[in-house]
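Participant: So that we are looking at the same thing, I have put the structure below in structure tokens.
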Amino acid sequence: MKKYNKILVTGGAGYVGAVLVPKLLDAGYEVKVLDLYIYGDNILQSCRENPRLEEIKGDIRDTDLLRSSLEACDAVIHLACISNDPSAELNAELTKSINQDAFIPLLDACKSSGVNRFIFASSSSVYGISENPNVTEDHPRIPVSEYNKTKAFCEDQLEKFYSDDFSIVTIRPATVCGYSPRLRLDLTVNILTNHAYHNGEITVFGGEQYRPNLHIDDMTDLYLQLLEEADSKVSGQIFNAGYQNQKVMDIAQIVKNTIEDMDPKRAPIKIKRTQTDDIRSYRISTEKIQQKLNFKPKRNIQNAVIDLCKAFERNEFPDPFESSMYYNVKRMKEINFV
């Protein structure tokens, strides 16, 4: 028996939401999606006929709309944000208004609406730079960008709202990779796969930086699990969520090998290295989430690469270098959402 019935997913038409929402519906939940749909109105087309889905086009900064969207909801998965460092740097004020200033009104609205569980998608990038090979949840946060500063701020606010009837859990995901109907081609594994598949060449910026990675299907499965877990296991908790900690150069090699194995005619895929000013480097520990929730990812980087290549073969994502629909920064500039 499900603990909750109706779920509000903020940002539900985004990269992760587009995979998560169909899974929630398949699991029998009623789902409301609150999203601006700036990457297209057809993101959730595959499940639009489901009577348990309600799509609400709007802004989480609209408090009245937010409160009406929360009506009858008993759980919230908060994904909506200006996502990733380059997008956040476009306009620091916009990023602060969406990622940070809208957060406390959201929590207030959740509590007054009778929401029982709140799942917050933070980011493992709040750790910033660390040489520690095993960054646990109690590692000092050293946010180095507008994006992860706003995530750290929100984490700090949650302590003030936690109560026996308002169960809060924070997830710090690794960099998510793999196929989604709202594809992003500005994430490490996805970028490298796109270039390797279409150009036969990968350019690695730096290469020695470590990045934790997590397949999008494992990420979305975890959100479903978090809806089912007892309060005693998750309330007030912060969990790292990741799988493979890899140097960017090693990710490039995995991408190269996977595509060449799939289609030997594409070999040899070249890897070039160039300098970068991206100083972020960190490796996260997932020991806590494995021990407390028995969460063990089932897919890896190779699976993500294979799924993306199959979508490219289907020509599901035309114009993969020029279309703004796959790139947060490009799309935000195009629609003047800056």
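Participant: Just want to confirm a number: the relative contact order over the stretch 242-338, from Cα pairs under 8 angstrom separated by 6+ residues, in percent.
Facilitator: Values: 43 pairs, mean separation 31.1, N = 97.
Contact order relative to length: 32 percent.
Participant: At q = 0.19, 0.21, 0.29 Å⁻¹, what is the base-10 log of I(q)/I(0) for the stretch 161-214 according to the Debye formula with one equal point scatterer per Cα and no solvent? Please give it to two decimals.
Facilitator: Taking Cα atoms of the stretch 161-214 as identical point scatterers yields -0.76, -0.86, -1.21.
Participant: Under a 5 Å amide H to amide H cut-off, with H placed in plane at 1.01 Å, what residues pair with ASN245 once short-range neighbours are removed?
Facilitator: ASN213
Participant: Suppose the chain between ARG266 and ASN91 were pulled fully straight at 0.36 nm per residue; how much longer would it get relative to their current alpha carbon spacing?
Facilitator: Details: separation 175, 0.36 × 175 = 63.00 nm, distance 4.00 nm.
The ARG266-ASN91 span can extend by a further 59.0 nm.
Participant: Something else: Any chance you could get the radius of gyration and Dmax over the Cα atoms of the stretch 64-165, in Å?
Facilitator: In order Rg, Dmax, the Cα atoms of the stretch 64-165 give 14.8, 46 Å.
Participant: On each of the three principal axes of the Cα atoms of the stretch 6-334, give max minus min coordinate, whole Å, ordered largest first.
Facilitator: 58, 45, 39
Participant: Under 19 Å from the Cα of LYS296, which aspartates and glutamates turn up, not counting those fewer than eight places away in the same chain?
Facilitator: List returned: GLU137, ASP217, ASP218, ASP221, GLU228, GLU229, GLU287.
Participant: While we're on this one: With only Lys, Arg, Asp and Glu charged, each at its Cβ (+1 for the first two, -1 for the last two), find how big the charge dipole of the stretch 213-253 is about the Cα centre; round to the nearest 20 debye.
Facilitator: Details: 2 positive and 7 negative charges, 47 e Å.
Taking the Cα centre of the stretch 213-253 as origin, the dipole is about 220 debye.
Participant: Mind listing the phi-derived Karplus ³J(HN,Hα) values for the stretch 281-291, rounded to whole Hz, using 6.51, -1.76 and 1.60 with θ = phi - 60°, and x for any glycine or proline?
Facilitator: For the stretch 281-291, the Karplus-derived couplings read 7, 6, 10, 9, 8, 10, 4, 4, 5, 5, 6 Hz, x marking Gly and Pro.
Participant: At 0.36 nm per residue, minus the direct Cα-Cα distance, what do ASP277 and GLU313 gain on full extension? Give it in nm, one decimal, please.
Facilitator: Working: separation 36, 0.36 × 36 = 12.96 nm, distance 3.37 nm.
Net length gain for the segment: 9.6 nm.
Participant: What is the extension gain from GLU131 to GLN225, computed as 0.36 nm multiplied by their sequence separation minus the C-alpha to C-alpha distance, in nm to one decimal?
Facilitator: Residue separation times 0.36 nm, minus the Cα-Cα distance, leaves 30.7 nm.
Participant: For the stretch 92-147, compute Rg over Rh where Rg is the Cα radius of gyration and Rh is the Kirkwood radius from the inverse mean 1/r over Cα pairs. Can you show the working numbers first?
Facilitator: Details: Rg = 14.7 Å, Rh = 13.6 Å.
My calculation puts Rg/Rh at 1.08.
Participant: In debye, nearest 20, what is the charge dipole magnitude of the chain about its Cα centre with +1 on Lys and Arg Cβ and -1 on Asp and Glu Cβ, if you could check?
Facilitator: Working: 41 positive and 48 negative charges, 130 e Å.
Dipole magnitude for the chain comes out near 620 debye.
Participant: Between ASP59 and ILE142, what's the calculated FRET efficiency when r is the beta-carbon distance and R0 is 41 Å? Round to 0.05.
Facilitator: On the way: r = 31 Å, r/R0 = 0.75.
For R0 = 41 Å, the calculated efficiency reads 0.85.
Participant: Also, I was wondering about something else. Where the only charges are on Cβ atoms (+1 Lys, Arg; -1 Asp, Glu), what is the dipole of the stretch 8-143 about its Cα centre, to the nearest 20 debye? Before the final figure, lay out each step's value.
Facilitator: Numbers: 11 positive and 20 negative charges, 40 e Å.
It comes to approximately 200 debye.
Participant: Quick one: which of LYS32/LYS149; LYS247/LYS272; LYS233/LYS298; LYS32/LYS57 span more than 20 angstrom between C-alpha atoms?
Facilitator: Details: LYS32/LYS149 28 Å; LYS247/LYS272 15 Å; LYS233/LYS298 22 Å; LYS32/LYS57 11 Å.
Table pairs above 20 Å Cα-Cα are LYS32/LYS149; LYS233/LYS298.
Participant: Counting pairs of alpha carbon atoms under 8 Å apart in space and at least six apart in sequence, what relative contact order in percent does the stretch 6-334 give? Walk me through the intermediate numbers first.
Facilitator: Details: 633 pairs, mean separation 63.6, N = 329.
Relative contact order, the stretch 6-334: 19 percent.
Participant: Once the dipole of the chain is set up with Lys and Arg at +1 and Asp and Glu at -1 on Cβ about the Cα centre, which of GLN290, SER69, CYS81 lies farthest towards its positive end?
Facilitator: My answer, from the dipole projection, is GLN290.
Participant: I'd like the FRET efficiency for ARG48 and SER232, computed as 1/(1 + (r/R0)^6) with the beta carbon distance as r and R0 of 45 Å, rounded to 0.05.
Facilitator: Efficiency, from the Cβ-Cβ distance: 0.75.
Values in this text are rule-based calculations from the coordinates and carry no lab data. Values in this document were obtained by computation on a predicted structure and should not be read as measured data. Cβ coordinates were reconstructed from backbone atoms using ideal geometry, including for glycine residues, and neighbour counts include every protein chain displayed.
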